[in-house]
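Everything on this sheet refers to the single structure shown next.
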Ligand code: FEO
């Protein structure tokens, strides 16, 4: 039997030339990939030449080129559309450009400064495309859409009009390898689809909604994504899942939520948390809650953080540092949208009290708005100091509700 890899025709004149990485168990340092992954790429035949859509990770480029060669000669390739420049999709681009000398690369204007840094080549010719731009080539028409941050700032999607195919980039992807390729053939991969959304798309929910609104203009028969099963059985189901996960639920009838997270050794930081909460809670247009982080798991933290407009974090300083439950909270925020959120920090300390500044700095790094100086109290708070905590809570609530202040540096 001939084992030379070949392109697979997924619709008339549209071929899959992607590769699989079944043994991969961790992607991008943070994502578990129990079923491996795929790096999807495609080539479309038009009556006036071929269009390649994305490439693959460099270490798999031989297989990618063999598959591409099973469909066309390099001289017949007129365009290379790059939906996203991350190396898992652009790894074979420098070599493809050398071989396909007649091809023009099309990508987002935001990819311009990245192109050289990613490919280490200054000679790759490219043009930029964005929403409402189109490419007409022979009997095929591609409409482009800017879909930034899904998953990198320069991401675009494209829609092949005549075949009703959406090339969505990383959107609707999953790290899930199955050689049967299509969603209706591979069995249940919902866990991987949701996990991928939560790690890649969740920090950019408003960009997801913008992308879905762009996709809505077109009838979609098939979604050709960049990872995992190609979606052809019921694209609308997957679109609706993304819409549901990205939509903000108004559970509190317009009330903003302020959440106070704390850990405490000798109750001093807890007493501060209580006084701050009372200050916030004075404003009945807000909804505020306190949480002891030592007994909160990560999924619950994420849900609460996501719903909160204001986040106040309290911790004592232990050996000059912030204890682990606080770091867990601060690091899990990587997968959340931080736009429009306010943060503050507080804590009781015995010796040096570095923790509050560390928390404040981390909140700023995460792009929270941090309007107040951290509230720091040595050991047991006095009645007067608890009063200051109460005032701190009142002021934070006012700021969350729109009071203008200068941000601290
Ligand atoms: Fe699949 Fe964001 O690269």
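Observations on the model:
- Hits in segment 22-44 (condition: within 16 Å of the ligand (Cβ to nearest atom) and within 18 Å of residue 169 (Cβ to Cβ)): 27, 28, 31, 37, 38, 39, 40, 41, 42
- Segment 310-334, residues that are in a loop (DSSP other than H, G, I, E, B) and buried (at least 16 other Cβ atoms within 10 Å of the Cβ): 315, 316, 317, 322, 323
- Odd one out for residue 173, checked against (1) more than 18 Å from the chain's Cα centre (by Cα); (2) surrounded by 20 or more Cβ atoms within 10 Å (Cβ to Cβ): (1)
- Total residues in segment 72-87, condition surrounded by fewer than 21 Cβ atoms within 10 Å (Cβ to Cβ) and in contact with a strand residue (DSSP E or B) (Cβ under 7 Å, 6 or more places away or on another chain): 3
Rundown of residues vs (1) at pLDDT 95 or above; (2) assigned to a loop (DSSP other than H, G, I, E, B); (3) out of contact with any strand residue (DSSP E or B) (no Cβ under 7 Å at 6 or more places or on another chain); (4) at positive phi, yes/no style:
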| residue | (1), (2), (3), (4) |
| --- | --- |
| 351 | no, yes, yes, no |
| 357 | yes, no, yes, no |
| 380 | yes, yes, yes, no |
| 392 | yes, no, no, no |
| 399 | yes, no, no, no |
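- Where residue 159 falls short, out of the listed (1) touching a strand residue (DSSP E or B) at 6+ places or on another chain (Cβ under 8 Å); (2) within 30 Å of residue 366 (Cβ to Cβ): (2)
- Residues that are touching a helix residue (DSSP H, G or I) at 6+ places or on another chain (Cβ under 9 Å) and either closer than 15 Å to residue 168 by Cα or surrounded by fewer than 19 Cβ atoms within 10 Å (Cβ to Cβ) (or both) within segment 46-56 comprise 49, 52, 54, 55, listed in sequence order.
- The residue list 183, 178, 170, 188 contains one member that is under 22 Å from residue 27 (Cα atoms) and without any contact (Cβ under 8 Å) to a residue 12 or more places away in the chain, which is 188.
- Complete set of residues in segment 52-63 that are more than 13 Å from the ligand (Cβ to nearest atom) and in contact (Cβ under 8 Å) with a residue 60 or more places away in the chain: 53
The values are calculated or read from the model by the stated rules, or taken from the named source; none is laboratory data. Keep in mind that what you see is a predicted model, and the values were worked out from it rather than measured. We place every Cβ from the backbone using ideal geometry, glycine too, and count neighbours over all the protein chains shown.
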